[in-house]
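Right, one structure below, let's go through it.
The values are calculated or read from the model by the stated rules, or taken from the named source; none is laboratory data. What you see is a predicted model, and the numbers here were worked out from it, not measured in a lab. No Cβ is skipped: glycine too gets one built from the backbone with ideal geometry, and neighbour counts run over all protein chains shown. These area figures cover heavy atoms from the full protein model, side chains too; ligands, DNA and RNA do not enter into them. Shrake-Rupley method; radii C 1.70, N 1.55, O 1.52, S 1.80 Å.
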Amino acid sequence: MLVEGKWVADWQPVQKADERGRFVRQVSSFRNWITADGSAGPTGGGGFKAEAGRYRLYVALICPWASRTLIARKLKGLDALIPVTVVNPVLSSQGWEFGGYPGTDADPLFDARYLHEIYTRADPHFSGRATVPVLWDTRRGVMVNNESADILRMFDTAFEDLAPSALRLYPEDLAPEIDALNPLIYDKLNNGVYKAGFAGSQEAYDEAVTGVFETLDMLEDRLFGDFLFGDRLTETDIRTFVTVIRFDAAYHGLFKTNRRQISDYPRLSAYMERILNLPGVRETVNMDHITRGYYSIKALNPRGIRPVGPDHIARLLQS
């Protein structure tokens with residue numbers, strides 16, 4: 001990780017845990033917002049006006065947080081406005097690395113080898129892990145934002161003048177319900193699988209895995225329409241999808257969230273397939289990167305052996 005802008009140690013999946021062995025996720029540090037007119041957003045400073053080609057998105061296809069932003073970019077028709085750079089799915093001793101694996105890119109802006117070099121360009125004294133996604137302003141040469149939840153909402157509205165869309169991922173009339181459901185899904189499912197996989201004690205694991213399956217059970221019971229809020233796709237569906245599409249292939253085995261698979265939930269399985277078949281979403285799901293990346297985490301899988309399945313996910317992606 002970086003300490004005062006210097007790389008000081010090999011990358012490790014767990015940099016912080018509480019006194020009971022619970023995994024503690026790093027808080028995002030760059031929280032500016034792109035807006036239609038360049039005015040300041042909910043956090044950070046202003047000066048980031050929505051413009052075609054001005055911003056670049058750095059992502060890892062293994063990463064569910066980065067995949068949120070890729071899906072929003074597709075659904076909102078922003079492909080031509082916001083170019084993407086994909087990092088290597090295998091975390092090196094210095095974290096995310098550019099190139100060297102099929103479907104990845106060299107860094108087109110600075111010819112950096114590692115993502116942490118982008119972070120120290122943004123802040124020469126940055127301390128912490130260099131995470132994805134990253135939204136970079138090529139005009140000002142600064143990092144706009146590295147919080148996927150923020151970027152998801154930016155992509156929903158900021159570029160409407162350049163790429164009008166009838167889809168609203170965070171509609172005003174559903175905002176209170178979205179704001180109530182998102183934290184539960186994040187804490188117990190999106191981050192819950194990580195809290196189970198990286199648990200430092202049996203107590204922490206038991207607590208996390210219970211939360212994961214309580215949430216999956218709740219979602220299964222809730223799904224009577226096409227999506228979590230009836231027939232309207234929202235950001236909450238994107239936030240849920242990125243975890244469930246990875247669940248059977250990675251979290252069930254590697255993270256020991258193995259009471260059940262998504263394939264054991266009929267409604268969630270149909271829901272996952274429904275979202276996968278939305279225009280552009282399938283292009284954001286690369287199961288080779290996902291399994292290659294997760295099963296390369298030495299702390300969880302020292303020999304790096306990758307499982308061949310599950311077949312039902314492979315069939316789904318090929319159908």
DSSP-loop trypsin sites (Lys or Arg not before Pro) across the range 1-55, with at most 14 other Cβ within 10 angstrom: Lys16, Arg20
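Based on the Cα coordinates of the chain, what is the per residue volume of their convex hull in Å³?
135 Å³
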If you roll a 1.4 Å probe over the range 1-77 with all protein chains in place, what percent of the accessible area is carbon or sulfur? 51 percent
So what J values fall out for the range 284-289 if you push phi through Karplus, 6.51 cos²θ - 1.76 cosθ + 1.60 with θ = phi - 60°, rounded to Hz, Gly and Pro as x? 8, 9, 10, 5, 5, 5
Which of Ala66, Ala106, Ala249 ends up with the largest GNM mean-square fluctuation for the chain, with Cα atoms connected below 10 Å? Ala106
Give the distance, in whole Å, between the Cα centre of the range 155-174 and the Cα centre of the range 110-128. 31 Å
Summing Lys, Arg as +1 and Asp, Glu as -1, what charge do residues with Cβ under 11 Å from the Cβ of Glu283 carry, Glu283 excluded? +2
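Percent of accessible area on the range 155-251 owned by carbon and sulfur, 1.4 Å probe? Working shown, then result.
Details: 1880 of 3670 Å².
Here carbon and sulfur together make up 51 percent of the probe-accessible area.
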With at most 16 other Cβ atoms within 10 Å, longest stretch of the chain clear of loop chymotrypsin sites (Phe, Trp or Tyr not before Pro) (DSSP): 111-223
Using alpha carbon centers only, the range 244-308 is separated from the range 1-55 by a whole-angstrom value of 25 Å
Counting only residues 5 or more apart in sequence or on a different chain, those whose built amide H sits under 5 Å from that of Phe48 are Thr35
Choice from Lys256, Lys76, Lys195 showing the highest fluctuation, given a GNM over the chain with Cα pairs closer than 10 Å: Lys256
Checking the a/c ratio against 1.5 first, then a/b against b/c, what shape does the Cα gyration tensor give for the range 239-310? oblate
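Just from its helices, what would the mean residue ellipticity at 222 nm be for the chain, if runs of 4 or more DSSP H residues each count -39500 (n - 2.57) and the sum is divided by every residue, rounded to the nearest 500 deg cm²/dmol? Provide the component values of the computation, followed by the final result.
On the way: 10 runs with 107 residues, N = 319.
Value at 222 nm, helices only: -10000 deg cm²/dmol.
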Go ahead and set up a Gaussian network model of the chain, Cα springs under 10 Å, then flag whichever of Val209, Val242, Val24 fluctuates most. Val24
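Mind scanning Lys256/Lys298; Lys195/Lys256; Lys49/Lys76; Lys74/Lys195; Lys188/Lys256 and naming the pairs with a C-alpha gap bigger than 19 Å? The partial results should precede the final answer.
Working: Lys256/Lys298 15 Å; Lys195/Lys256 11 Å; Lys49/Lys76 17 Å; Lys74/Lys195 29 Å; Lys188/Lys256 15 Å.
As for pairs spanning more than 19 Å Cα to Cα, those are Lys74/Lys195.
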Between Val14 and Asn301, what is 0.36 nm times their sequence separation minus the Cα-Cα distance? Round to one decimal in nm. 101.9 nm
Per residue value of the accessible surface for the chain (all protein chains in place, 1.4 Å probe), Å²: 42 Å²
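Take the Cα pairs of the range 141-279, get the Kirkwood Rh, then feed it into Stokes-Einstein at 10 °C and 1.306 mPa s and tell me D in µm²/s.
Working: Rh = 16.2 Å.
Stokes-Einstein gives a translational diffusion coefficient of 98 µm²/s.
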